[in-house]
Amino acid sequence: MTEGPAPIEQQRVLKTAIPGPRSNELHQRKLSAVSAGVSTGLPVYVERAAGGILVDVDGNQLIDFGSGIAVTTVGNSAPRVVEQVRAQVADFTHSCFMVTPYEEYLAVCEALNELTPGTGQKRSALFNSGAEAVENAVKVARTFTGRQAVVAFDHAYHGRTNLTMALTAKNMPYKHRFGPFANEIYRVPMAYPFRWPTGPSRCADEAFEQFVSQVHAQVGEDNTAAVLLEPIQGEGGFIVPAPGFVRRVADWCAEHGILFIADEIQTGFCRTGDWFACEFEDVVPDLVTTAKGIAGGLPLSGLTGRAEVMDSVHGGGLGGTYGGNPVACAAALGSIETMRAENLNARAKQIEALFVPRLQQLAAKYEQIGDVRGRGAMLAVELIAGAGDLTPNSALTGKVNAYCHSQGLVTLTAGTYGNVLRFLPPLAISDELLSEGLDIVEHAFAAAL
Ligand SMILES: *Cc1c(COP(=O)(O)O)cnc(C)c1O
């Protein structure tokens, strides 16, 4: 075996301004080579990364509170992922599972069937991206039920392909000028406690009543193939549905022969302190979509569901040239092994315990922090104009985010109104880096307010 590069010290190091001169140079190249439609939140060019640290081309070491959008849950270049990928790349890189199959694909499907909620017989299929998994969930649901309509929620994010753009709620930047969109998609209110008009305590009941009456009156149960829900909404602002809402929606779907699809692409694989966020309310979805955290950074997605549902599709109906690529599968196996061996569900809960009191202290200090929410290592604060005025404060969100970036902390924003600062650290990050990152967030609020 060849020796890898020297290990990366798990320490923040600032050698230049952020971004530094070499990053700025590369960014000039980006502007002339890459479509302007692809933007970057923090134009610091990464050279190496491990655990909770990103090393840029100027030698700066940044603390990672983003995990490349909830992907490197096991840490960047996690040792088991690297080892399995290296071995697989040397064995073979592609044969196409639909042509000449291989065992790694089976092993990932078996792991998905075992780890997703529900004890019955399950089947899985593998794809490349989250959006592709969602597209296939809709294909399967339509085939199985013989119905067409799909119900999605306010603030939902399901991807950027044509069908998933239609399922996504937010116009800018995801949908603007990209229509026409796929039809037979219907949108209903989300049980969003912080912004529920009559207050959080009535949110679950009223949102559920509105959901039922809108599907009944505007779509018709018998026309509805599936209800698609993120058990905690991701891009929409880390909205945790009011307690009981997910469970009631899932039960109602079962009563009406409608499939309940949990989009666990962001919430899955230990992110919220469970393998899947649906487990929190003991919900067993008919179909689950997975991606992001599944393979330690390699592109892979999955669709898992009850055997009778997944097997209802005609042979050849599901697939794709690269879906379940053997290298991506090897990465997923290394990643799942890491999650089990290092008990990353427990680690996500520790991270929650470390973060939440500090975020709540900040919220007590600044009336512009309207809400602290999330679960496990999927946490956020929602910023508003001030006490009693819930006007979204995207300007402050932008300032705080930019300050964190300037200090070498990679943070992300989210939310339909761009006023949510979200935290998605890799679960391999040390407590020291977490505390240091939170210190920077505190300074950012002090500097901005
Ligand atoms: C990111 C995401 C998607 C889309 O995944 P891609 O891999 O970017 O296509 C879909 N659903 C949810 C909940 C996501 O967070």
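The values are calculated or read from the model by the stated rules, or taken from the named source; none is laboratory data. For clarity, every value in this text was computed on a predicted model and none was experimentally measured. Cβ placement follows ideal geometry from the backbone for every residue including glycine, while neighbour counts extend to all protein chains displayed. For the accessible areas, the whole protein counts, side chains as well, though only heavy atoms, and no ligand, DNA or RNA atoms are used. Shrake-Rupley method; radii C 1.70, N 1.55, O 1.52, S 1.80 Å.
Within segment 405-435, if we keep just the residues that are assigned to a helix (DSSP H, G or I) and out of contact with any Leu (no Cβ under 8 Å at 6 or more places or on another chain), the residue that is surrounded by the most Cβ atoms within 10 Å (Cβ to Cβ) turns out to be Leu433.
For Asn171, the test of being open to solvent by 10 Å² or more (accessible area, probe 1.4 Å) and farther than 24 Å from Ala250 by Cβ is passed.
Residues are listed down the side, and each one gets a yes or a no for (1) of a type outside the set (S, T, N, Q); (2) modelled with pLDDT under 95; (3) away from the ligand (no atom under 16 Å from the Cβ); (4) not in a strand (DSSP E or B):
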position: Ala166; (1), (2), (3), (4): yes, no, no, yes
position: Ala169; (1), (2), (3), (4): yes, no, no, yes
position: Lys175; (1), (2), (3), (4): yes, no, no, yes
position: Gly179; (1), (2), (3), (4): yes, no, yes, yes
position: Tyr186; (1), (2), (3), (4): yes, no, yes, no
position: Cys203; (1), (2), (3), (4): yes, no, yes, yes
position: Phe211; (1), (2), (3), (4): yes, no, yes, yes
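Looking only at residues in segment 381-404 that are in a strand (DSSP E or B) and within 18 Å of Ala448 (Cα to Cα), the one that is most open to solvent (accessible area, probe 1.4 Å) is Thr391. Return a yes/no flag: does segment 42-50 have any residue that is farther than 25 Å from Tyr157 by Cβ and in contact (Cβ under 8 Å) with a residue 60 or more places away in the chain. No, segment 42-50 contains no residue that is farther than 25 Å from Tyr157 by Cβ and in contact (Cβ under 8 Å) with a residue 60 or more places away in the chain.
Of the residues making up segment 55-71, those that are within 16 Å of the ligand (Cβ to nearest atom) and either open to solvent by less than 10 Å² (accessible area, probe 1.4 Å) or assigned to a strand (DSSP E or B) (or both) are Gly66, Ser67, Ala70.
Residue count for segment 277-299, restricted to those that are within 12 Å of the ligand (Cβ to nearest atom), under 17 Å from Leu228 (Cβ atoms) and not hydroxyl-bearing (Ser, Thr, Tyr): 4.
If the condition is being touching a Phe, Trp or Tyr at 6+ places or on another chain (Cβ under 8 Å) and either away from the ligand (no atom under 16 Å from the Cβ) or in a strand (DSSP E or B) (or both), then segment 229-243 contributes Leu229, Ala242. Of the numbered criteria (1) under 27 Å from the mean Cα position of the chain (by Cα); (2) modelled with pLDDT of 95 or more, the one Gly51 fails is (2). When Ser39 is evaluated against the numbered criteria (1) small (Gly, Ala, Ser); (2) within 16 Å of the ligand (Cβ to nearest atom); (3) open to solvent by less than 70 Å² (accessible area, probe 1.4 Å), which criterion, by number, is the only one it fails? Every listed condition holds for Ser39 apart from (3). Checking each residue of segment 188-195 against the condition of being assigned by TED's automatic domain parsing to the domain that holds Thr289, of a type outside the set (Ser, Thr, Tyr), touching a residue at least 60 places away in the same chain (Cβ under 8 Å) and surrounded by fewer than 19 Cβ atoms within 10 Å (Cβ to Cβ) gives at least one match. Residues that are at negative phi, within 16 Å of the ligand (Cβ to nearest atom) and crowded, with 18+ Cβ neighbours inside 10 Å within segment 141-162 comprise Ala141, Val150, Val151, Ala152, Phe153, Asp154, Ala156, Tyr157, His158, listed in sequence order. The single residue among Val89, Val99, Val85, Val81 that is open to solvent by less than 20 Å² (accessible area, probe 1.4 Å), more than 16 Å from the ligand (Cβ to nearest atom), farther than 26 Å from Arg247 by Cα and of a type in the set (A, V, I, L, M) turns out to be Val81. Being open to solvent by less than 10 Å² (accessible area, probe 1.4 Å), within 13 Å of the ligand (Cβ to nearest atom) and at pLDDT 95 or above holds for only one residue in Gly324, Gly302, and it is Gly302. If the condition is being among the aliphatic types (A, V, I, L, M), touching a residue at least 60 places away in the same chain (Cβ under 8 Å) and touching a helix residue (DSSP H, G or I) at 6+ places or on another chain (Cβ under 9 Å), then segment 429-449 contributes Ile429, Leu434, Leu438, Ile440, Val441, Leu449.
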